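Here's the structure, in structure tokens; my notes come after.
The values are calculated or read from the model by the stated rules, or taken from the named source; none is laboratory data. Small disclaimer: the values here were computed from a predicted structure and weren't measured. Heads up, the Cβs are rebuilt from the backbone with ideal geometry, glycines too, and the neighbour counts pull from every protein chain shown. Accessible surface areas use protein heavy atoms only, side chains included; no ligands, DNA or RNA. Shrake-Rupley method; radii C 1.70, N 1.55, O 1.52, S 1.80 Å.
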Amino acid sequence: YNPNDGGMHFYTENATEANNLKNNGWVYEGISHYVYINSSTQGISQYRLYNLNSTNGEHNWTTDEEEWNMLKSLGWIDEGIRWKI
């Protein structure tokens, strides 16, 4: 979590991304849950988007394709399907 913005939590399946955040002041909280890889035929797609206008690295995770499309239309950066739940 980011202790500099009120404790925003961030989830990733990527160890390099987690280490980069940790090296930039985020607190590593360990593994919170296990997921299927994004190429899996199992599970529901979990989309991740980034708010380019955010000052604190705000992300949104959703399984709702309509919400995903709506946020993209508002300028959020699509980071694709991150994993399957």
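Structure summary
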{"quantity": "Sparse-neighbourhood loop sites, GluC sites (Glu not before Pro) in segment 16-85 - DSSP loop, at most 14 other Cβ within 10 angstrom", "calculated": "GLU29"}
{"quantity": "Residues of the chain: accessible area per residue with a 1.4 Å probe, Å²", "calculated": "67"}
{"quantity": "The chain, helix-only ellipticity at 222 nm - DSSP H runs n ≥ 4, -39,500 (n - 2.57), divided by all residues, nearest 500", "calculated": "-6000 deg cm²/dmol"}
{"quantity": "With every protein chain in place, the chain: carbon and sulfur % of accessible area (1.4 Å)", "calculated": "47"}
{"quantity": "Cut-off under 5 Å, modelled amide H: who pairs with MET8 long-range", "calculated": "ASN2"}
{"quantity": "Largest to smallest principal axis extent of the C-alpha atoms in segment 21-85, angstrom", "calculated": "35, 31, 14"}
{"quantity": "Selection of chymotrypsin sites (Phe, Trp or Tyr not before Pro), segment 21-85, meeting DSSP coil and at most 13 other Cβ within 10 Å", "calculated": "TYR28, TYR34"}
